[in-house]
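Asker: My structure is below; once you've seen it, I'll send some questions.
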Amino acid sequence: MDLTVTDLACARGGVTVLSRVSFRLGAGRALILRGPNGIGKTTLLRTVAGLQPPVAGMVSMSPEAVAYAAHADGLKATLTVAENLSFWAAIYGTTDTAAAMARMNLAALADRQAQNLSAGQKRRLGLARLLVTGRPLWVLDEPTVSLDAASVALFGAAVRDHLAAGGAALMATHIDLGLDEAEVLDLSPFRAEAPVAQAEDDPFAGVTA
Ligand SMILES: Nc1ncnc2c1ncn2[C@@H]1O[C@H](COP(=O)(O)OP(=O)(O)OP(=O)(O)O)[C@@H](O)[C@H]1O
C-alpha cells in the first residue's frame, strides 16, 4: 500500500480548482485534507478515487484499491442492514459482514430496512461498507456527518484498526478522529490561479493595433 500523488491538478465543472498537489501516503498512515469550504477537498478525493480524471499529474494507485465513502451513503433503501452489507460483500468478493456489523454497532439493527434507519444509523451502515470492501486505501469525505460522539469514537477505532492492518486513509474531516498516525495537508497553497478567459469569450482576442 503506497499512494503517491504527483503534481496533481483537478477540476470541478470544467474549472481547475487545485494544482501541483503532491503527497505520499504509505501503509499504516492517515492524511487529513484541510482548507476552507470550496477549496477542492471533495474534488481531490474524487480524483484520487478515480471517479474523475486528473487535469494534470498522476495518482499511483488504481481505483480498484480504493474504497470511497462520499457524503451520500449509497444504501439500498428496501434492503435490510444485513442485506445491504451482503450485497456489497458480494460485489467486493468478501464474506465477513457479521464483523463489519458488530464493529459499527449495527447487529441489533440487522433486520431493519435501510430506509427505516435514523440519519446516524444510515451513516454507520454506509461506513460499515468500508469494512467489507477489503480494499487498502480508504478515501473518506466528511465521514462523521450525522454521527454522535460514541459513533465517532467507534469509527475512529475502525480506522485505527484498518491502519494497524496495513491500510491507509485519506480524508476530509473537521472532526478529530483521534488518529495519532494522521498528518495534515493544508490545501490552501494549492489553490489554482483564476481561470484565464477563453479566446472565444474575449471580443478583442487576437486584435492588434
Ligand atoms: N458540479 C459543479 N460545477 C461547478 N462547480 C462546482 C461543482 N461542484 C463543485 N463546484 C465548485 O468546485 C469548488 C470545489 O468544490 P469542492 O466540493 O471540491 O470543495 P470542498 O473543499 O470539498 O468544500 P466543502 O469544505 O464546502 O465541502 C467549489 O468552489 C465548488 O463551488
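FYI, it's all coordinate maths here, none of it is from the lab. Being a predicted model, the structure only gives us computed values, none of them experimental. Note that we place each Cβ from the backbone using ideal geometry, even for glycine, and neighbour counts take in every protein chain shown.
Asker: Using a Förster radius of 35 Å, what is the FRET efficiency between ASP186 and ALA157 based on their Cβ-Cβ separation? Nearest 0.05, please.
Answerer: Values: r = 26 Å, r/R0 = 0.75.
Efficiency computed from Cβ-Cβ geometry: 0.85.
Asker: Under the classification rounded if a/c is under 1.5, otherwise prolate if a/b is larger than b/c and oblate if not, where does segment 28-69 fall, given a ≥ b ≥ c as square roots of the Cα gyration tensor eigenvalues?
Answerer: oblate
Asker: So, one more: Using the membrane-span-like helix rule (whole DSSP H runs, Cα extent along the own axis of at least 18 Å, mean Kyte-Doolittle hydropathy at least 0.5), which helices of the chain qualify?
Answerer: Sorted by number, the helices that extend far enough and score high enough are 149-164.
Asker: Separate question: Compute, for segment 92-160, the length of the dipole vector about the Cα centre, with Cβ point charges of +1 (Lys, Arg) and -1 (Asp, Glu) only. Units Debye, rounded to 20.
Answerer: Roughly 60 debye for segment 92-160.
Asker: Taking the Cα centre of segment 2-194 as origin, sum charge times position over the Cβ atoms of Lys and Arg (+1) and Asp and Glu (-1), and report the length of that vector in debye to the nearest 20.
Answerer: Dipole about the Cα centre, nearest 20: 300 debye.
Asker: Give me the net charge for the shell around ARG103: Cβ to Cβ below 12 angstrom, other residues only, Lys and Arg +1, Asp and Glu -1.
Answerer: +1
Asker: Tell me which residues come under 5 Å, amide H to amide H, from ARG20 once H is placed; ignore anything under 5 positions away on its chain.
Answerer: LEU8, ALA9
Asker: Go ahead and set up a Gaussian network model of the chain, Cα springs under 10 Å, then flag whichever of ALA114, ALA49, ALA168 fluctuates most.
Answerer: Between ALA114, ALA49, ALA168, it is ALA114 that shows the largest mean-square fluctuation.
Asker: With label points built 7 Å along Cα→Cβ from the Cα atoms of SER118 and ALA102, find their separation and express it in nm.
Answerer: It is 2.4 nm.
Asker: I would also like to ask the following. Can you give the Rg/Rh ratio of the chain, where Rg is from the C-alpha atoms and Rh is the Kirkwood radius? Let's see the in-between values first.
Answerer: Values: Rg = 19.4 Å, Rh = 18.3 Å.
Taking Rg over the Kirkwood Rh, I get 1.06.
Asker: Pick from ASP180, ASP141, ASP96 the residue whose mean-square fluctuation is largest in a GNM of the chain, springs joining Cα atoms under 10 Å.
Answerer: Residue with maximal mean-square fluctuation among ASP180, ASP141, ASP96: ASP180.
Asker: Under a Cβ-Cβ cut-off of 9 Å, what is the net charge of the residues other than ARG34 that fall near it, where Lys and Arg count +1 and Asp and Glu count -1?
Answerer: Residues close to ARG34 contribute a combined charge of 0.
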